[in-house]
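Here is the structure we will look at.
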Amino acid sequence: MCHHARQFWGSILDYHGVRRLQNGFFLRSESFFEFASHIDSLGVYEPYGGKSLHHQSHGESFFSLFLNRFGTRGIYLLDEPEAALSPARQLAFLQILKELASQSQFIIATHSPIIMAFPGAQILNFDSCPIEEIEYESTEHYLITKGFFDNKDLYLSKLFE
């Protein structure tokens, strides 16, 4: 990762409006199991759909978190939220983002062309140094996915030659 990325995250975390926000959440797919276990140890299920996150499928538990924990006037740092979401759930996740985007700030690290397609999203390319803004249709993830869907047989034949 470019050393500018650390400066970028530092500037986000120093954002002056954070003190006035009423809600926030940092989601990292790799640590979700520990988070769900912590919620179980507290016995606090109501804010997470009324049942243990461990008693839901991986995708259901993530989506339950999004539906029940995210509120207004918050800042949400999400690291690859698509990891547990089917394409249909990613589209439903976009609806949640739309409902909250006018009052909350979302910073999302994603490889999902579906999530990157959120209208008006600012997409930053961390693969370049310095970090730069990039158009949706120019992202590697969009280009590979579109190329595969447009030329599936060609892609598969080259992979399996």
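The values are calculated or read from the model by the stated rules, or taken from the named source; none is laboratory data. Values in this document were obtained by computation on a predicted structure and should not be read as measured data. Here the Cβ is made from the backbone with ideal geometry for all residues, glycine too, and neighbour counts use every protein chain on show. For the accessible areas, the whole protein counts, side chains as well, though only heavy atoms, and no ligand, DNA or RNA atoms are used. Shrake-Rupley method; radii C 1.70, N 1.55, O 1.52, S 1.80 Å.
Report the accessible area of Asp153, computed with a 1.4 Å probe over the heavy atoms of all protein chains in place, in Å² rounded to the nearest 10.
110 Å²
What spacing in nm lies between the two simple spin-label points modelled at Thr72 and Ala121, each 7 Å away from Cα in the Cβ direction?
Using points 7 Å along Cα→Cβ, the separation is 2.5 nm.
Which FRET efficiency value, to the nearest 0.05, do you get for Ala92 and Ser52 by plugging their Cβ-Cβ distance into 1/(1 + (r/R0)^6) with R0 = 22 Å?
Efficiency at R0 = 22 Å is approximately 0.55.
If I ignore ligands, DNA and RNA and count only protein heavy atoms, how much of Glu30 is accessible to a 1.4 Å probe, in Å² to the nearest 10?
About 110 Å², ignoring ligands and nucleic acids.
What accessible area, in Å² to the nearest ten, does a 1.4 Å probe give for His54?
70 Å²
Taking Rh as the Kirkwood radius computed over C-alpha pairs, what is the Stokes-Einstein D of the range 34-161 at 20 °C in a medium of viscosity 1.002 mPa s, expressed in µm² per second?
Taking Rh from Cα pairs, D becomes 129 µm²/s.
Return the aspartates and glutamates within reach of Lys146: Cα separation strictly under 14 angstrom, same-chain partners fewer than 8 residues apart disregarded; answer none if there are no such residues.
Qualifying aspartates and glutamates at Cα under 14 Å: Glu137.
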